[in-house]
Amino acid sequence: MKLAGCYTALITPFRNGQVDFDALGTIVEQQIAGGVAGLVPVGTTGESPTLTYAEHDEVIKFVTKKANKRCQIIAGTGGNSTFEAIHLSKNAAEFGADATLQVTPYYNKPTPEGLYRHFSMVAEESGLPIVLYNVPGRTGREIPIDIVARLSKHKLVAAIKEAGGSVERVNAIKDACDITVLSGDDSLTLPMMAVGASGIISVASNIIPVEVSNMAKAALAGDFETALKIHRKYYPLYRDLFIESNPIPIKAAMADLGMIAEEYRLPLCEMTATNRDKLRATLMRVGLLTGKDKSGKLDTKCLDF
(Lines give C-alpha, C1' and ligand atoms only; values in the text may rest on other atoms or scores of the structure.)
Protein backbone atom coordinates (compact mmCIF):
# COMPACT_ATOMS: atom_id res chain seq x y z
CA MET A 1 0.00 0.00 0.00
CA LYS A 2 1.44 3.34 -1.06
CA LEU A 3 0.95 6.27 1.30
CA ALA A 4 2.03 9.76 0.24
CA GLY A 5 0.79 13.32 0.60
CA CYS A 6 -1.59 14.91 3.08
CA TYR A 7 -3.81 12.82 5.33
CA THR A 8 -6.14 14.80 7.57
CA ALA A 9 -6.44 13.72 11.20
CA LEU A 10 -10.15 14.47 11.41
CA ILE A 11 -11.70 16.10 14.43
CA THR A 12 -14.89 14.55 15.82
CA PRO A 13 -17.51 17.31 16.02
CA PHE A 14 -20.00 17.15 18.87
CA ARG A 15 -23.34 18.87 19.39
CA ASN A 16 -25.32 18.55 22.61
CA GLY A 17 -23.11 15.73 23.77
CA GLN A 18 -23.50 13.60 20.64
CA VAL A 19 -21.40 13.14 17.52
CA ASP A 20 -22.51 15.74 14.97
CA PHE A 21 -22.65 13.63 11.82
CA ASP A 22 -24.06 16.49 9.73
CA ALA A 23 -20.97 18.60 10.46
CA LEU A 24 -18.70 15.60 9.99
CA GLY A 25 -20.17 14.88 6.59
CA THR A 26 -19.58 18.47 5.50
CA ILE A 27 -15.98 18.30 6.71
CA VAL A 28 -15.36 15.08 4.77
CA GLU A 29 -16.66 16.70 1.58
CA GLN A 30 -14.49 19.79 2.14
CA GLN A 31 -11.45 17.63 2.67
CA ILE A 32 -11.96 15.62 -0.51
CA ALA A 33 -12.61 18.80 -2.49
CA GLY A 34 -9.38 20.16 -0.98
CA GLY A 35 -7.39 17.36 -2.59
CA VAL A 36 -6.20 15.40 0.44
CA ALA A 37 -4.75 11.95 -0.14
CA GLY A 38 -6.68 10.48 2.76
CA LEU A 39 -8.59 10.86 5.98
CA VAL A 40 -7.78 9.57 9.45
CA PRO A 41 -10.92 9.31 11.59
CA VAL A 42 -10.80 8.65 15.33
CA GLY A 43 -7.15 9.31 15.99
CA THR A 44 -5.85 11.60 18.73
CA THR A 45 -7.38 14.61 16.96
CA GLY A 46 -10.69 12.74 16.79
CA GLU A 47 -10.79 12.46 20.60
CA SER A 48 -10.66 8.68 20.45
CA PRO A 49 -10.13 8.28 24.23
CA THR A 50 -13.58 9.71 25.00
CA LEU A 51 -15.64 8.03 22.28
CA THR A 52 -17.65 4.97 23.23
CA TYR A 53 -16.94 1.76 21.32
CA ALA A 54 -20.20 2.24 19.42
CA GLU A 55 -19.31 5.84 18.50
CA HIS A 56 -15.82 4.75 17.48
CA ASP A 57 -17.28 2.27 14.99
CA GLU A 58 -19.99 4.65 13.85
CA VAL A 59 -17.55 7.45 13.00
CA ILE A 60 -15.22 5.16 11.04
CA LYS A 61 -18.14 3.60 9.19
CA PHE A 62 -19.65 7.00 8.41
CA VAL A 63 -16.40 8.56 7.14
CA THR A 64 -15.53 5.51 5.04
CA LYS A 65 -18.97 5.41 3.44
CA LYS A 66 -19.04 9.16 2.90
CA ALA A 67 -15.63 9.15 1.24
CA ASN A 68 -16.78 6.30 -1.02
CA LYS A 69 -13.27 5.41 -2.26
CA ARG A 70 -12.53 9.00 -3.30
CA CYS A 71 -9.54 9.03 -0.95
CA GLN A 72 -7.75 6.59 1.33
CA ILE A 73 -9.07 5.93 4.83
CA ILE A 74 -6.67 5.16 7.69
CA ALA A 75 -8.88 4.32 10.65
CA GLY A 76 -7.65 5.05 14.15
CA THR A 77 -8.15 1.72 15.93
CA GLY A 78 -5.18 1.54 18.27
CA GLY A 79 -5.17 0.90 21.99
CA ASN A 80 -3.10 -0.41 24.85
CA SER A 81 -4.99 -3.71 24.76
CA THR A 82 -4.01 -5.85 21.80
CA PHE A 83 -7.37 -7.59 21.69
CA GLU A 84 -9.25 -4.29 21.81
CA ALA A 85 -7.17 -2.99 18.91
CA ILE A 86 -7.87 -6.18 16.97
CA HIS A 87 -11.60 -5.90 17.62
CA LEU A 88 -11.75 -2.28 16.43
CA SER A 89 -9.50 -3.05 13.44
CA LYS A 90 -11.63 -5.96 12.29
CA ASN A 91 -14.66 -3.70 12.38
CA ALA A 92 -12.80 -1.07 10.35
CA ALA A 93 -11.95 -3.73 7.79
CA GLU A 94 -15.62 -4.63 7.49
CA PHE A 95 -16.50 -0.97 6.96
CA GLY A 96 -14.03 -0.75 4.06
CA ALA A 97 -11.12 1.18 5.58
CA ASP A 98 -7.86 0.92 3.66
CA ALA A 99 -5.56 0.75 6.69
CA THR A 100 -5.48 1.36 10.43
CA LEU A 101 -3.43 3.68 12.61
CA GLN A 102 -1.92 1.85 15.59
CA VAL A 103 -0.70 3.99 18.47
CA THR A 104 2.07 2.72 20.71
CA PRO A 105 0.35 1.00 23.67
CA TYR A 106 0.24 3.44 26.56
CA TYR A 107 0.26 3.08 30.36
CA ASN A 108 1.15 -0.63 30.55
CA LYS A 109 4.69 0.07 29.22
CA PRO A 110 5.32 -3.00 27.03
CA THR A 111 8.85 -4.20 26.33
CA PRO A 112 10.28 -3.89 22.81
CA GLU A 113 9.40 -7.53 22.16
CA GLY A 114 5.88 -6.88 23.43
CA LEU A 115 5.56 -3.96 21.01
CA TYR A 116 6.70 -6.14 18.13
CA ARG A 117 4.19 -8.86 18.96
CA HIS A 118 1.38 -6.35 19.54
CA PHE A 119 1.71 -4.61 16.18
CA SER A 120 2.27 -7.88 14.31
CA MET A 121 -0.80 -9.52 15.82
CA VAL A 122 -3.07 -6.54 15.15
CA ALA A 123 -2.01 -6.53 11.49
CA GLU A 124 -2.35 -10.27 11.04
CA GLU A 125 -5.67 -10.65 12.85
CA SER A 126 -7.32 -7.68 11.14
CA GLY A 127 -5.88 -8.34 7.70
CA LEU A 128 -5.46 -4.60 7.09
CA PRO A 129 -2.20 -2.73 6.54
CA ILE A 130 -1.20 -0.77 9.63
CA VAL A 131 0.51 2.56 10.18
CA LEU A 132 2.64 2.53 13.32
CA TYR A 133 2.10 5.66 15.42
CA ASN A 134 5.08 6.81 17.45
CA VAL A 135 4.03 9.55 19.88
CA PRO A 136 6.05 9.12 23.09
CA GLY A 137 4.82 12.40 24.56
CA ARG A 138 1.37 10.85 24.90
CA THR A 139 2.18 7.18 25.43
CA GLY A 140 5.36 7.27 27.50
CA ARG A 141 6.92 4.66 25.21
CA GLU A 142 8.91 5.15 22.01
CA ILE A 143 9.03 2.44 19.36
CA PRO A 144 12.75 1.55 19.21
CA ILE A 145 14.40 1.92 15.82
CA ASP A 146 15.36 -1.77 15.72
CA ILE A 147 11.72 -2.73 16.31
CA VAL A 148 10.63 -0.39 13.51
CA ALA A 149 13.19 -2.13 11.28
CA ARG A 150 11.86 -5.57 12.21
CA LEU A 151 8.27 -4.51 11.65
CA SER A 152 9.15 -2.93 8.29
CA LYS A 153 9.67 -6.44 6.94
CA HIS A 154 6.07 -7.40 7.75
CA LYS A 155 3.92 -7.34 4.62
CA LEU A 156 1.09 -5.55 6.46
CA VAL A 157 3.16 -2.77 8.03
CA ALA A 158 2.68 0.08 5.58
CA ALA A 159 4.24 3.09 7.30
CA ILE A 160 5.09 4.86 10.53
CA LYS A 161 3.68 8.17 11.73
CA GLU A 162 6.43 10.07 13.53
CA ALA A 163 5.07 12.48 16.14
CA GLY A 164 8.03 12.62 18.49
CA GLY A 165 9.27 15.99 17.30
CA SER A 166 12.53 14.63 15.90
CA VAL A 167 13.77 15.01 12.34
CA GLU A 168 16.87 13.07 13.37
CA ARG A 169 14.68 10.06 14.16
CA VAL A 170 13.38 10.11 10.58
CA ASN A 171 17.02 10.01 9.43
CA ALA A 172 17.66 7.04 11.71
CA ILE A 173 14.58 5.15 10.51
CA LYS A 174 15.39 5.67 6.84
CA ASP A 175 18.97 4.59 7.53
CA ALA A 176 17.83 1.42 9.29
CA CYS A 177 15.11 0.21 6.93
CA ASP A 178 12.88 0.91 3.97
CA ILE A 179 9.56 2.06 5.42
CA THR A 180 7.27 4.93 4.52
CA VAL A 181 7.45 7.73 7.09
CA LEU A 182 4.64 10.23 7.61
CA SER A 183 5.17 13.32 9.74
CA GLY A 184 2.90 13.62 12.76
CA ASP A 185 3.78 17.27 13.40
CA ASP A 186 2.60 19.96 10.97
CA SER A 187 5.51 22.26 11.75
CA LEU A 188 8.01 19.48 10.95
CA THR A 189 6.43 18.21 7.75
CA LEU A 190 8.77 20.02 5.40
CA PRO A 191 12.04 19.21 7.20
CA MET A 192 10.94 15.58 7.62
CA MET A 193 10.09 15.34 3.93
CA ALA A 194 13.46 16.87 3.10
CA VAL A 195 15.15 13.83 4.67
CA GLY A 196 12.82 11.20 3.27
CA ALA A 197 9.31 11.35 4.76
CA SER A 198 6.48 10.91 2.26
CA GLY A 199 3.83 13.17 3.73
CA ILE A 200 1.89 14.25 6.79
CA ILE A 201 -0.99 13.17 8.97
CA SER A 202 -2.09 16.72 9.56
CA VAL A 203 -4.12 18.61 12.14
CA ALA A 204 -3.94 21.94 10.30
CA SER A 205 -5.48 20.47 7.14
CA ASN A 206 -8.82 20.34 8.95
CA ILE A 207 -9.00 24.03 7.99
CA ILE A 208 -6.41 24.40 5.20
CA PRO A 209 -6.55 21.13 3.23
CA VAL A 210 -5.62 22.73 -0.08
CA GLU A 211 -2.55 24.42 1.34
CA VAL A 212 -1.19 21.44 3.27
CA SER A 213 -1.86 19.16 0.30
CA ASN A 214 -0.06 21.53 -2.05
CA MET A 215 2.90 21.78 0.32
CA ALA A 216 3.22 17.99 0.48
CA LYS A 217 2.78 17.60 -3.28
CA ALA A 218 5.44 20.22 -3.97
CA ALA A 219 7.90 18.55 -1.62
CA LEU A 220 7.24 15.14 -3.17
CA ALA A 221 7.93 16.66 -6.58
CA GLY A 222 11.22 18.14 -5.34
CA ASP A 223 9.90 21.70 -5.55
CA PHE A 224 11.07 22.74 -2.11
CA GLU A 225 10.98 26.44 -3.00
CA THR A 226 7.19 26.30 -3.38
CA ALA A 227 6.82 24.04 -0.36
CA LEU A 228 8.88 26.41 1.76
CA LYS A 229 6.72 29.39 0.82
CA ILE A 230 3.62 27.55 2.01
CA HIS A 231 5.39 26.35 5.15
CA ARG A 232 6.55 29.84 6.09
CA LYS A 233 3.12 31.38 5.56
CA TYR A 234 1.34 28.83 7.72
CA TYR A 235 4.03 28.08 10.29
CA PRO A 236 2.39 30.41 12.88
CA LEU A 237 -0.81 28.40 12.49
CA TYR A 238 1.02 25.07 12.77
CA ARG A 239 2.63 26.35 15.96
CA ASP A 240 -0.46 27.80 17.60
CA LEU A 241 -2.69 24.82 16.88
CA PHE A 242 -0.63 23.16 19.61
CA ILE A 243 -0.66 26.05 22.08
CA GLU A 244 -2.86 23.78 24.22
CA SER A 245 -3.52 20.06 24.01
CA ASN A 246 -4.66 18.86 20.60
CA PRO A 247 -7.49 18.92 19.50
CA ILE A 248 -8.61 21.87 21.65
CA PRO A 249 -7.09 24.62 19.45
CA ILE A 250 -8.14 23.13 16.11
CA LYS A 251 -11.72 22.74 17.31
CA ALA A 252 -11.67 26.31 18.63
CA ALA A 253 -10.40 27.51 15.25
CA MET A 254 -13.05 25.52 13.38
CA ALA A 255 -15.74 26.96 15.63
CA ASP A 256 -14.49 30.49 14.90
CA LEU A 257 -14.64 29.64 11.18
CA GLY A 258 -18.25 28.50 11.53
CA MET A 259 -17.49 24.89 10.71
CA ILE A 260 -18.57 23.21 13.96
CA ALA A 261 -20.12 23.87 17.35
CA GLU A 262 -17.35 24.32 19.89
CA GLU A 263 -17.80 21.29 22.10
CA TYR A 264 -15.37 18.94 23.80
CA ARG A 265 -15.60 16.02 26.16
CA LEU A 266 -13.98 16.10 29.54
CA PRO A 267 -11.22 15.99 30.52
CA LEU A 268 -10.76 18.32 27.53
CA CYS A 269 -12.31 21.77 27.83
CA GLU A 270 -12.27 25.20 26.17
CA MET A 271 -9.06 27.21 25.76
CA THR A 272 -7.96 29.90 28.17
CA ALA A 273 -8.97 33.39 27.09
CA THR A 274 -5.35 34.45 26.55
CA ASN A 275 -4.55 31.50 24.30
CA ARG A 276 -7.83 31.90 22.43
CA ASP A 277 -6.97 35.50 21.64
CA LYS A 278 -3.51 34.45 20.45
CA LEU A 279 -4.99 31.77 18.18
CA ARG A 280 -7.51 34.21 16.73
CA ALA A 281 -4.73 36.68 16.01
CA THR A 282 -2.87 33.95 14.15
CA LEU A 283 -5.99 33.01 12.16
CA MET A 284 -6.18 36.65 11.13
CA ARG A 285 -2.47 36.78 10.33
CA VAL A 286 -2.74 33.87 7.87
CA GLY A 287 -5.94 35.27 6.33
CA LEU A 288 -8.55 32.85 7.65
CA LEU A 289 -10.24 35.41 9.90
CA THR A 290 -10.69 39.02 8.85
CA GLY A 291 -11.77 40.55 12.17
CA LYS A 292 -15.29 41.33 13.37
CA ASP A 293 -18.32 42.57 11.48
CA LYS A 294 -20.58 45.39 12.68
CA SER A 295 -22.50 43.05 14.97
CA GLY A 296 -19.30 42.02 16.73
CA LYS A 297 -19.29 38.53 15.24
CA LEU A 298 -16.08 37.07 13.84
CA ASP A 299 -15.84 37.47 10.07
CA THR A 300 -14.32 34.48 8.30
CA LYS A 301 -12.67 33.93 4.99
CA CYS A 302 -14.93 31.80 2.80
CA LEU A 303 -13.69 28.23 2.98
CA ASP A 304 -14.20 27.52 -0.71
CA PHE A 305 -12.43 24.28 -1.54
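The values are calculated or read from the model by the stated rules, or taken from the named source; none is laboratory data. All of these numbers come straight from a predicted model, not from anything done at the bench. Cβ: placed from backbone, ideal geometry, glycine included. Neighbour counts: every protein chain shown.
Please give the strands (runs of 3 or more DSSP E) falling wholly within the range 142-251 in which 2 or more residues are touching a residue at least 60 places away in the same chain (Cβ under 8 Å), out of contact with any Cys (no Cβ under 9 Å at 6 or more places or on another chain) and buried (at least 22 other Cβ atoms within 10 Å of the Cβ).
157-162
Among the residues of the range 27-55, write down those that are β-branched (Val, Ile, Thr), under 19 Å from TYR7 (Cβ atoms) and surrounded by fewer than 22 Cβ atoms within 10 Å (Cβ to Cβ).
Scanning the range 27-55 gives a single hit, ILE32.
Okay, residues lined up against (1) in contact (Cβ under 8 Å) with a residue 12 or more places away in the chain; (2) touching a helix residue (DSSP H, G or I) at 6+ places or on another chain (Cβ under 8 Å); (3) among the aromatic types (Phe, Trp, Tyr):
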{"position": "THR8", "(1), (2), (3)": "yes, yes, no"}
{"position": "GLN31", "(1), (2), (3)": "yes, yes, no"}
{"position": "ILE60", "(1), (2), (3)": "yes, yes, no"}
{"position": "ARG70", "(1), (2), (3)": "yes, yes, no"}
{"position": "ILE74", "(1), (2), (3)": "yes, no, no"}
{"position": "PHE95", "(1), (2), (3)": "yes, yes, yes"}
{"position": "VAL103", "(1), (2), (3)": "yes, yes, no"}
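If a residue has to be at pLDDT below 95 and among the polar types (S, T, N, Q) to count, how many in the range 1-47 make the cut?
Adding up the residues that qualify gives 1.
Going residue by residue through the range 104-122, is there one that turns out to be closer than 24 Å to THR12 by Cβ, polar (S, T, N, Q), under 21 Å from the mean Cα position of the chain (by Cα) and in a loop (DSSP other than H, G, I, E, B)?
Yes, there is a match, as at least one residue in the range 104-122 is closer than 24 Å to THR12 by Cβ, polar (S, T, N, Q), under 21 Å from the mean Cα position of the chain (by Cα) and in a loop (DSSP other than H, G, I, E, B).
Looking at the range 131-141, which of its residues are touching a helix residue (DSSP H, G or I) at 6+ places or on another chain (Cβ under 9 Å) and either closer than 13 Å to LYS161 by Cβ or surrounded by fewer than 19 Cβ atoms within 10 Å (Cβ to Cβ) (or both)?
The answer is LEU132, TYR133, ASN134.
Condition (residue is among the hydroxyl-bearing types (Ser, Thr, Tyr) and over 15 Å from the mean Cα position of the chain (by Cα)) applied to the range 71-87: is it met by at least one residue?
Yes, there is a match, as at least one residue in the range 71-87 is among the hydroxyl-bearing types (Ser, Thr, Tyr) and over 15 Å from the mean Cα position of the chain (by Cα).
Taking into account only those residues within the range 117-130 that are among the small types (Gly, Ala, Ser) and on the phi < 0 side of the Ramachandran plot, which is surrounded by the most Cβ atoms within 10 Å (Cβ to Cβ)?
Here the answer is SER126.
Checking the conditions here, which among ALA261, ALA255 is closer than 28 Å to ILE73 by Cβ and in a helix (DSSP H, G or I)?
Just one listed residue meets the conditions, ALA255.
Looking at the structure I just gave you, is VAL59 part of a helix (DSSP H, G or I) and closer than 24 Å to VAL157 by Cα?
yes
What's the total number of residues in the range 39-68 that are out of contact with any Gly (no Cβ under 8 Å at 6 or more places or on another chain) and within 23 Å of VAL210 (Cβ to Cβ)?
Matching residues across the range 39-68 total 5.
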